[in-house]
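Please treat every number below as a calculation from the coordinates, not as lab data. Because the structure is a prediction, the values reported are computed rather than measured. Here the Cβ positions follow ideal geometry from the backbone for every residue, glycine too, while neighbour counts run over all protein chains shown.
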Amino acid sequence: MQRQRAAAMKQGGAIGVPQMSPTKQMPPSNSMQASHYMQQQIAQQQHLQQQQTTPMKQMTPLHHPQQPVMNGFSTPQAPPVHPLGSQSHARNSLSRSVEATPPQNTGIYPIPSPASIPKSGSISLASPHPNMVPALDEQNQDELMNVVLPEKLKVFSRIPDENGGSLDLEVLRGEGTSLLKLKPDFPPLTEIGTIDVHALTMSLQSGLHAEVRLALDTLALVSSEQRLPIELMKCDDLVETLVDCAEDQVELLAENAAEVSDMMLINSYEDVVRACQAEKHAVQDIPLFGSEEYQVDRAVEKLICITSILRNLSFHEPNLLFLAEEFVIKFFCVVIRYLGTRNMLLRTNQNTLEFMKDGVILLSNIAHEIKLPGREQALCLLHFLLAFAPCPPPNVMGSDKITFSQYDPTIHYYIYPAVDSLAKLLARDEPNRTHYKTIFASDVSSSPPFDLLTRTFALSISVIPDQQKDPKRGTFLPLVEARKPMLMQGILAAELLANLAPGYDSGIAKAWLASEDGFAKNLSHLVLTLCHEAPQGPSHGRVSAVPKTAEEEAMLQIILGGIGILRRLAEKSRDPEDPTSMIPIPGMPTTERIIKLHERKQPRLKEALRQLCTFTSLG
């Protein structure tokens, strides 16, 4: 037996790593066995230190890898398989092996693992919980508790991204644009192919949804391209078909909009813009496909598309006569009347704004060709144009004074088309002038009297620069130069309205001249400033009464028109029983300034200055 044990030990030493049970061995029962057991353990440990070269070799035998340690105890393992010569040694090793892991939930305290008992010369294993923070001693704890924070705390923060996140919106916008180009809702003009206007007209007359949509999309795309103008003279009944299709949509919209007033009350442009801003941030209610509301929304889109097509066609001059036909004007006035008497005819404020913008541009292009069919159409167009006037209106409830609001370029983007349309409608000969003269004469019964006439006059003079806002000459003249087209049309309309104003008994002319905002003072300041800049005639030889350039002619028209407005209003504000009486107007030009302007060599300018002297009761 001893010879077999020695042979097994010799064979284990030849392998390099002796067999070692990873389980804990039980101590002997008596003291002698305990001392003998301890001596064997010490000898075996020294023998292991001599045989191994690195600490890792003890934990990883060549033939018998160690099982993982669980909860301080090694799992039971099967005895290693040895050759036949070492079977007796295996049996002896099994006799000294430890028992199995004791059962859980027992009252006996578990025996600590050998790995948890530090021994001199032994190899320490890594902690099974490396993330656990070791307990602080008293010295380290005192150091941490006595840390003094600086007076100014350094805050580690990050500046927020301009996009509000980690996504680059510009890149995403470019990707979206590329996708729209690759997958368009409607093909672009370069890929649309042959355009048959007669076929598009037949599609509109069919009334089929798909055909109407295709025709409107095609016409909207082609009409917006200046390189391919559509000549209505060669398009048979295209305009009639467009108007008929639009009338069908208006009838459907009128049936689904409640009537709120018999009088025409169109919201102002400023109110509609503010409502659009509030509507943009609100949650939109999307109707179900195929429902009645869905059909009404599609009708609004078709109507706005048709008005956009008519606006685009009006930029081609040969089309103006066809777009100014009586049936086109009547259709447009019907939409305006419904817009002023029905509640949200076009469903949303954004749709209303789109219609107003298209309508005022269309009127500005064709107004000089319009012959108003009747008084009702003249009144509808006038109410529509007054919606673009600056707010508040001149007559304020509870005040006897009149205040004309000034034009703000940052708000009133479409005031020039409105003023231009008004001047063209008023300057047109019969029957337009007769219709408006009748409308303004019947306005005496309104409250306050002649309110419609005063609002129309306020729209026409709103483009005159304010002397108090731009007192310096260096900024006033460039402003006048930039507004020259608006000033010409506005002063033309104001002069025509001054001729239509009632006499002294109404007090309207006197109230206009004595307005709170200083309208008369601003207009006279404009006239005198332009008189300084007006071109002089030659110092010798024949004096030419014809201006050299169109700019000089425009400047003289503004001067003569402004003086004509002041003179006409002064005549109507003078008491017939006292012809020499004049109302006091603060800020009027002095005598010396007007006399100095008489030295100008321009004959037409001298005549205008004589009229200005008459207005200021100096001549």
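Just a few scattered comments:
- Positive-end residue of Ser364, His316, Gln205, charge dipole of the stretch 191-370 with Cβ unit charges: Ser364
- Cβ charges +1 (Lys, Arg) and -1 (Asp, Glu), total dipole of the stretch 191-370, debye: 480 debye
- Residues whose amide H lies under 5 Å from that of Arg342, counting only those 5 or more places away or on a different chain, are Val260; hydrogens are built 1.01 Å from N in the peptide plane.
- Relative to the current alpha-carbon distance between Leu228 and Lys280, full extension at 0.36 nm per residue lengthens the span by 15.2 nm.
- Under the Karplus curve 6.51 cos²θ - 1.76 cosθ + 1.60, θ = phi - 60°, whole-Hz ³J(HN,Hα) for the stretch 286-293, x wherever Gly or Pro sits: 8, x, 5, 5, x, 6, 5, 5
- Other-chain or far-sequence residues with amide H under 5 Å of Ile402's (modelled H): Glu516
- Magnitude of the charge dipole for the stretch 160-242, about its Cα centre and with charges confined to Cβ atoms of Lys, Arg (+1) and Asp, Glu (-1), is about 160 debye.
- Gyration tensor verdict on the stretch 356-505 (Cα atoms; rounded if a/c is under 1.5, prolate if a/b is larger than b/c, oblate otherwise): oblate
- In order along the stretch 202-218, phi translates into HN-Hα couplings of 5, 5, 5, 6, 5, x, 6, 4, 5, 5, 5, 4, 4, 5, 5, 4, 5 Hz, rounded to whole numbers, per the Karplus curve 6.51 cos²θ - 1.76 cosθ + 1.60 with θ = phi - 60° and x for Gly and Pro.
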